[in-house]
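Here the structure is laid out as structure tokens; the discussion comes afterwards.
The values are calculated or read from the model by the stated rules, or taken from the named source; none is laboratory data. The shown structure was predicted, so the numbers you read here are calculated from the model rather than taken from an experiment. Glycine also receives a Cβ, built like all others from the backbone with ideal geometry; neighbour counts cover every protein chain displayed.
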Number of protein chains: 2
Amino acid sequence: MRILTKDISKIAGTGSGEPVELAGWVHRIRDMGGITFVVLRDRSGLVQLVFTKKPLDPQGGALTLESIITVKGRVAVNEKAPGGAEVQAESFECLSRAVPDLPFQVNGDISKVGLETILDNRILSLRNPKINAIFKVQAVIIEAFSAYLRSKDFTEIKTSKLVWGGTEGGTELFEVEYFDRKVCLAQSPQFYKEALVASGMERVFEVAPAYRAEKHDTPRHLNEYVSMDVELGFIESEKDLIDLERGLLAHIFEELGRKNSAELALWNAAAPDPGAPEKAPVICYEDAVKLASDMSVKAGGGRLFDINPEAERFLCEWSAREHGSELVFVNEFPRRYRPFYTFPSDANRTMSFDALFKGLEITTGGKRLHSYQAFVETLPRFGLKLEDMQNYAALLQSGCPPHGGFAIGCERLTARILGLANVKEASLFPRDRRRVEP
Amino acid sequence: MRILTKDISKIAGTGSGEPVELAGWVHRIRDMGGITFVVLRDRSGLVQLVFTKKPLDPQGGALTLESIITVKGRVAVNEKAPGGAEVQAESFECLSRAVPDLPFQVNGDISKVGLETILDNRILSLRNPKINAIFKVQAVIIEAFSAYLRSKDFTEIKTSKLVWGGTEGGTELFEVEYFDRKVCLAQSPQFYKEALVASGMERVFEVAPAYRAEKHDTPRHLNEYVSMDVELGFIESEKDLIDLERGLLAHIFEELGRKNSAELALWNAAAPDPGAPEKAPVICYEDAVKLASDMSVKAGGGRLFDINPEAERFLCEWSAREHGSELVFVNEFPRRYRPFYTFPSDANRTMSFDALFKGLEITTGGKRLHSYQAFVETLPRFGLKLEDMQNYAALLQSGCPPHGGFAIGCERLTARILGLANVKEASLFPRDRRRVEP
């Protein structure tokens, strides 16, 4: 029966000679003449195999990197081997032979490889243990996000990604040929999550793809991304949402620390401090712009008039220095910067917020309008017409609790935790203007 | 501080008079002259409120059904009230007034309402407790599916839904205008889950939308559905997959029994027996067709030549009668009925299977080709050209373990567990040829 490579050093702890069976990928081959060292990779890690007879593939050729083999042998303690143990191979079988001229070196140092090469060769680059680790971390982020919300009585929802129009405004939508008409790919589950809060579920979450037809290509944007959405009823203001996100991020950070130290270490990263979200300051938009602008001027740069990427970095630096947290919440965004459905706190400001983490916006959220009257009065300010908003109108006319929510960009959070330079690195199969394969 | 309606009977157990605060939807109003009974609905259930003064909305009008209110009052034991307790209202506030002429009666008996009416009024029909219950059950199905697979070392993946072409063959694809070219909406994550097994993750799962541009409208089909996908490496045959699905379904059934008895009871359903998957027989395609055909003839119908919907019902009846399980696995499908990537067991048959549950196919799966040579030889049989299959070719040339997987249709499983006549009932916002709203 097959065991995993991670179990070898445990077995070696009880002495050499135990017979074992392993299966996996040929990660590295060192032919020393009489003896051949093969590093075998499986889902749990790496182990060294020692062949006293040159291992050949079924056609009698040399074993190739990335081929799939099963091997039977005996565990041997060897302090010089990685993990302090190796397996003396007695027999092996090649289940699938990889071609010898693979276009990407899986066992190489990816810090020397450009992102385009990594993405062009995605099927192979995902095999690199450091790159693979990104997605083990991401899986735990999604798991912890979902588990925390379920523990708070949230219901997981799965809403349609084919919609009749955008709730965020009409631009940046991909069109789909849907039988004899055109529909759009959803930019967010905004309308649906509000409708489901109002359906009586009160608290809902969804982890699903979202689409933005943005033409520009930046290290911060993806045309298709995984949106981790939250919405809940009976809130007072955006402060309730900020509190929820504090608890949510703390749980995610805790779970990463518990489950992903090995993967994080490959990126010289550690799980963020679960205490950081509690310590994160809340600063209003106006003050945040002023603070970032002052920091920019002090650093020899120009004044800032908005929370642009540079300001996001300054604000996280400030928060880390002054509050011991690389997370900062900015609230009270001006109405002109927020979608029509945002709940105003006064004539110009809104009950909305962003979360900035390690220099990048990872969350946008806010309280939403729940009054039909306010909705009708707001539409013209945003150039929207009531007749185009009939579903929203029906929702608000049917009895709708005060509510709000937020969305965390899954790839952005993953990227900031690992310190990835480009959010595309945190997408299994990223889509940008030029890339839809593989 | 607000409490939930489900807590009222508990509080009443310790005696009357306790002050409480509730919030929710006005589910029902009975004006008895001097006294008004209002049934309040929240995410946890219903409770009766007793008003000695007629409750009015902020404009002084009569309180309307589905309006959102908060209420303060005292718990009173009342054996005649549902749950044995009610709340004597002392003050209340209307947070959002529903219009009096709502197009759908939320508190009505939905067994008398047609599906089109239910779906046309989805924002309101989802508020009906019986309809809402469908999606609480569905959320637990997704949670249990994910938890079971994580416990078996599977990694959750999120793959792109924008693809360059179909892996199942070229028809039934929706086209997306993607900047200056056309791409397709993924019919399944087939290629990606195989690539991720081969990436070293070995065991992956995904719960995500899948798209089929099928023109016909049946009670079994959705144009957008939630696919619960599984794929794993180092299997021998489809029998390993069947065993995995047995354990997976048993866990889902167990969790439903533990968490959803109330929701299931609304549909006169109970959680399926967690022992049923273990007892489910495996019958090969040829025998299954013969058996179903014989049953059809015996029932006064015609012969059957395929596993059509009628045959699916016959086979589940047979399994229930002979094996005490409404689940049956059919394996060894002919090659002509399966996609090119299916692993053949001989010249005409494949290592593939379907799972039929309570008369409906809920799963399709199988072992896949992992040999490049077999892949190249297979393509012409399916009218496919190697030059159109370069990503698949690269995957199989890079070293690929023997592997396989399956997908469970989330809406289909939900529908069969609850006994819903149409799979659309189990989709929050179903999409069909005519329906893309709301």
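A few notes on this one:
Residue-by-condition table, conditions (1) modelled with pLDDT under 95; (2) within 21 Å of B:F191 (Cα to Cα); (3) assigned by TED's automatic domain parsing to the domain that holds B:C284:
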| site | (1), (2), (3) |
| --- | --- |
| B:F205 | no, yes, yes |
| B:A208 | no, yes, yes |
| B:H216 | yes, no, yes |
| B:I252 | no, no, yes |
| B:R258 | no, no, yes |
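- The range B:260-292, residues that are surrounded by fewer than 19 Cβ atoms within 10 Å (Cβ to Cβ) and out of contact with any helix residue (DSSP H, G or I) (no Cβ under 7 Å at 6 or more places or on another chain): B:S261, B:A262, B:A265, B:N268, B:G275, B:C284, B:E286, B:D287, B:K290
- When restricted to residues that are exposed (fewer than 15 other Cβ atoms within 10 Å of the Cβ) and either within 19 Å of B:M201 (Cα to Cα) or among the aromatic types (F, W, Y) (or both), the range A:1-20 contains 1.
- Scanning the range B:149-170 for residues that are at pLDDT below 95 and not β-branched (V, I, T) gives B:W164, B:G165, B:G166, B:E168, B:G169, B:G170.
- Search result, residues across the range B:50-85 that are over 26 Å from B:I118 (Cα atoms), under 35 Å from the mean Cα position of the chain (by Cα) and either more than 11 Å from chain A (Cβ to nearest Cβ) or not in a strand (DSSP E or B) (or both): B:A81, B:P82, B:G83, B:G84, B:A85
- Yes/no for A:Q390 being farther than 26 Å from A:F205 by Cα, without any contact (Cβ under 8 Å) to a residue 24 or more places away in the chain and within 14 Å of chain B (Cβ to nearest Cβ): no
- Residue match in the range B:26-44 (condition: surrounded by 15 or more Cβ atoms within 10 Å (Cβ to Cβ), over 29 Å from the mean Cα position of the chain (by Cα) and aromatic (F, W, Y)): yes
- So B:D240, is it closer than 30 Å to A:I69 by Cβ and touching a residue at least 12 places away in the same chain (Cβ under 8 Å): yes
- Subset tally (residues that are in contact with a Phe, Trp or Tyr (Cβ under 7 Å, 6 or more places away or on another chain) and within 7 Å of chain A (Cβ to nearest Cβ)) for the range B:168-184: 5
- Only one of the numbered conditions (1) assigned to a helix (DSSP H, G or I); (2) closer than 28 Å to B:K182 by Cβ; (3) in contact with a Lys or Arg (Cβ under 7 Å, 6 or more places away or on another chain) is not met by A:P438, and that is (1).
- Among the conditions (1) surrounded by fewer than 17 Cβ atoms within 10 Å (Cβ to Cβ); (2) under 24 Å from A:N308 (Cβ atoms); (3) within 14 Å of another protein chain (Cβ to nearest Cβ), the only one that A:E236 does not satisfy is (2).
- Within the range B:339-357, the residues that satisfy the criterion of being surrounded by fewer than 20 Cβ atoms within 10 Å (Cβ to Cβ) and either over 25 Å from B:V376 (Cβ atoms) or touching a strand residue (DSSP E or B) at 6+ places or on another chain (Cβ under 8 Å) (or both) are B:P344, B:N348, B:R349.
- Filter result for B:S227 (outside any helix (DSSP H, G or I), touching a Pro at 6+ places or on another chain (Cβ under 8 Å), farther than 21 Å from A:E411 by Cα and assigned by TED's automatic domain parsing to the domain that holds B:L266): yes
- Within the range A:212-253, the set of residues being touching a helix residue (DSSP H, G or I) at 6+ places or on another chain (Cβ under 6 Å) and aromatic (F, W, Y) comprises just one member, A:Y225.
- Residue in the range B:315-325 that is surrounded by fewer than 14 Cβ atoms within 10 Å (Cβ to Cβ) and touching a residue at least 24 places away in the same chain (Cβ under 8 Å) present: yes
- Pairs meeting the criteria (first residue in the range A:92-114 and within 9 Å of another protein chain (Cβ to nearest Cβ) and over 29 Å from A:G73 (Cβ atoms), second residue among the basic types (K, R) and buried (at least 19 other Cβ atoms within 10 Å of the Cβ), beta carbons under 8 Å, at least 6 apart or on different chains) are lacking.
- Residue in the range A:340-347 that is of a type in the set (A, V, I, L, M) and over 25 Å from the mean Cα position of the chain (by Cα) present: yes
- Comparison of A:R381, A:R416 shows that the only residue that is part of a helix (DSSP H, G or I) and buried (at least 17 other Cβ atoms within 10 Å of the Cβ) is A:R416.
- Every condition in (1) within 27 Å of B:R336 (Cα to Cα); (2) in a helix (DSSP H, G or I); (3) within 14 Å of chain A (Cβ to nearest Cβ) is met by B:P401 except one, and the failing one is (2).
- The range A:382-431, subset under 30 Å from A:Y372 (Cβ atoms) and of a type in the set (D, E), residue modelled with the lowest pLDDT: A:D388
- Qualifying residue in the range B:144-151 (condition: assigned to a helix (DSSP H, G or I), more than 8 Å from every other protein chain (Cβ to nearest Cβ), touching a strand residue (DSSP E or B) at 6+ places or on another chain (Cβ under 8 Å) and closer than 30 Å to A:A144 by Cα): yes
- Among the candidates A:V226, A:V230, the residue that is crowded, with 23+ Cβ neighbours inside 10 Å and more than 14 Å from chain B (Cβ to nearest Cβ) is uniquely A:V230.
- Filter result for the condition that a residue is of a type outside the set (K, R) and over 27 Å from B:L119 (Cα atoms), over A:D240, A:D229, A:D180: A:D240
- Selected residue (only one of B:A195, B:A133, B:A147, B:A208 is within 30 Å of A:S199 (Cβ to Cβ) and buried (at least 20 other Cβ atoms within 10 Å of the Cβ)): B:A208
- If you filter the range B:326-359 down to residues that are without any contact (Cβ under 8 Å) to a residue 24 or more places away in the chain and charged (D, E, K, R), you find that the one that is nearest to B:K298 (Cα to Cα) is B:R336.
- Output for the range A:126-143, where each listed residue is more than 15 Å from the chain's Cα centre (by Cα), at the interface with chain B (Cβ under 9 Å from one of its Cβ atoms) and part of a helix (DSSP H, G or I): A:P129
Residue-by-condition table, conditions (1) over 26 Å from the mean Cα position of the chain (by Cα); (2) at pLDDT 95 or above; (3) more than 14 Å from every other protein chain (Cβ to nearest Cβ); (4) farther than 21 Å from B:S199 by Cα:
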position	(1), (2), (3), (4)
B:P334	yes, yes, yes, yes
B:K358	no, yes, yes, yes
B:K367	no, yes, no, no
B:V376	yes, yes, no, yes
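One line per residue, one yes/no per condition, for (1) of a type in the set (S, T, Y); (2) under 30 Å from B:F234 (Cα atoms):
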site	(1), (2)
B:E278	no, yes
B:V289	no, no
B:C316	no, no
B:E322	no, no
B:R336	no, yes
B:S345	yes, yes
